[in-house]
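Notes for the one structure printed next.
The values are calculated or read from the model by the stated rules, or taken from the named source; none is laboratory data. Computed from a prediction, not measured in an experiment: that's the story for all the values here. So basically every Cβ, Gly included, is an ideal-geometry build from the backbone, and we count neighbours across all protein chains shown.
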Amino acid sequence: MDDKLSSASRGLTLAPTLARRGSPLASGAAQIARLDALELDDALGGSFDAHLERAGLAPLRASGIEVLQLNLGKVCNQTCAHCHVDAGPERTESMTRETAELALHVLAQSDIPTLDITGGAPELNENFEWIVREARRLGRHVMHRCNLTVIASRPFAHLPAFFAEQRVELVCSLPHYRALNTDRQRGEGVYEGSIAALKALNALGYGVESSGLRLVLVTNPVGAFLPAAQASAKLEWQRELARLHGIVFNELYAIANMPISRYLEWLENSGHLERYLQLLVDSFNPAAARGVMCRTTLSVGWDGRLYDCDFNQMLELELGAREGEFEQATPRHLRDFDLRALASRRIRTGRHCFGCTAGAGSSCGGATT
C-alpha cells in the first residue's frame, strides 16, 4: 500500500475483499448464476425481461447519453460490507492516463453534458485532479462520488478547496446519520472521518443553498430491506445532522443495496438472499423501470470498456456480448465510441436489475419516481 493510501486508510477497520479471499463470488458470472438459481414465487418466473414486457417496456433501450460515468478503478481506502465494486486497499485496477485521455476525447467530441466520476475511491487515482480540470475546461458539469473519509486524511486535505474551485458537485456516501449504523456497514472509524470531512466541506460553502456548491448525501439500508421514502428521509437527516453536528446538505439519495458482490455474500451468509430477492421482485415498479439510470447513462470501466451501468460493469456484462440477442455492432470500448449507436443501444438486464426498479426505484441519482 502506497503512503497516500496507507494514510487515507489509517484508523479504519478494514476487511479483506472477495478477490483477496479467493471467493467464488469475486466472479461476475458466479454472482449471476447464484441469483438465477433462486426459485422465486413469481408468476413471471422471476424474469426481469418478462416484467418489463408486461409493463410495455421491453426491450429496454437507452434514450440518449446525458451522463458519462467514469469508474477510475477498484482501489479504495475502505472495504465496505455492501460494496458492489469489491473495492479495497489491496486492489490494483486503476485507470491509466491513456484511458483517461480517451474519455476526455469522447467528451470533447460529443455534447454529453455531465461527467460522473466514481470508483473505488477516485481520489486515489493519480489522474483524478487532471480529469476534473479537463472536464471543467470543456464546460461539462462534474459530479464526484466520494466516500468522505479519504478527503479527511492528510494527503488529500487540499481536495475540498479544489472541489470548490472547480465547482464540482459532490455525491457523498454516508449510510446513516448515527455512528453505529455507519460503522457497522463501512468499518470502525468511518463515521468520525465522514463527519470531519462534511464539516470541512460546509466551511467552504458546500451544502449552503446560496453558494451553488451542491452537496448530496447517499444512504443505503444496513440490512435486507428497501430504503425509506427519500423525501421524508431527507427531512429527518437534515434535522438530525444539524442537531448533532451543525451539518447542512442539499439533497439525500436513498438507494437500495444491489444483490451482487459483497452484499450478495452477506445476504447468503445471513440467510436473507432468497427473501431479499423476492422482496425486490414483489416490489417491481413499472414507473421506476421507466426512469432507470442506464437509459441515459453510459458506464466506462477503468480499462476503457463500456457498460450500461456500474452494476453491469462489476458483473462483467459488456455491451452487445450475447450473439443473437444483442446488436453486435454496439461499441464495447472508448476507442470505438459511436454516440449514435450507443445512445439507442439495447440494455443488458438480469435479476440484479430488480434492485433498481423496486419501490420508488433506485439509481445513482436516488429514487426514480
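Do we have G46 as more than 22 Å from the chain's Cα centre (by Cα), surrounded by 15 or more Cβ atoms within 10 Å (Cβ to Cβ) and either modelled with pLDDT of 95 or more or not aromatic (F, W, Y) (or both) here? The answer is yes for G46. Does S194 meet the test of being among the polar types (S, T, N, Q) and within 30 Å of R305 (Cα to Cα)? Spelling it out, it is not the case that S194 is among the polar types (S, T, N, Q) and within 30 Å of R305 (Cα to Cα). Checked across segment 279-292, the condition of being at pLDDT below 95 and either of a type in the set (A, V, I, L, M) or in contact with a Phe, Trp or Tyr (Cβ under 6 Å, 6 or more places away or on another chain) (or both) holds for no residue.
If you check every pair at least six apart or on different chains, which have Cβ atoms under 7 Å apart with a residue in segment 240-260 that is at negative phi first and a residue that is in a loop (DSSP other than H, G, I, E, B) and of a type in the set (V, I, T) second? As it stands, the answer is L241/I247; A242/V248; V248/V208, since those pairs meet every condition given.
Residue under question is D49, and the condition is that it be closer than 30 Å to R290 by Cα, assigned to a helix (DSSP H, G or I), touching a residue at least 24 places away in the same chain (Cβ under 8 Å) and not aromatic (F, W, Y); does it hold?
On the way: closer than 30 Å to R290 by Cα: yes; assigned to a helix (DSSP H, G or I): yes; touching a residue at least 24 places away in the same chain (Cβ under 8 Å): yes; not aromatic (F, W, Y): yes.
Answer is yes for this residue.
Per the listing E323, E316, the residue uniquely more than 19 Å from A58 (Cβ to Cβ), in a loop (DSSP other than H, G, I, E, B) and at pLDDT 95 or above is E316. Taking segment 265-310 as the range and being under 22 Å from E93 (Cβ atoms), in contact with a helix residue (DSSP H, G or I) (Cβ under 6 Å, 6 or more places away or on another chain) and part of a helix (DSSP H, G or I) as the test, only E265 passes.
Taking the condition at pLDDT 95 or above, surrounded by fewer than 16 Cβ atoms within 10 Å (Cβ to Cβ) and of a type outside the set (S, T, Y), does G212 pass? Please lay out each step first, then the result.
On the way: at pLDDT 95 or above: yes; surrounded by fewer than 16 Cβ atoms within 10 Å (Cβ to Cβ): yes; of a type outside the set (S, T, Y): yes.
So G212 fits the description; yes.
Return the residue satisfying two criteria in turn: it lies in segment 1-13 and is surrounded by 17 or more Cβ atoms within 10 Å (Cβ to Cβ) and not polar (S, T, N, Q), and of such residues it is farthest from H272 (Cα to Cα). Only one residue tops the list, namely K4. Criterion applied to A103, A152, A81 was being surrounded by fewer than 21 Cβ atoms within 10 Å (Cβ to Cβ) and more than 13 Å from the chain's Cα centre (by Cα), and the one residue passing it is A81.
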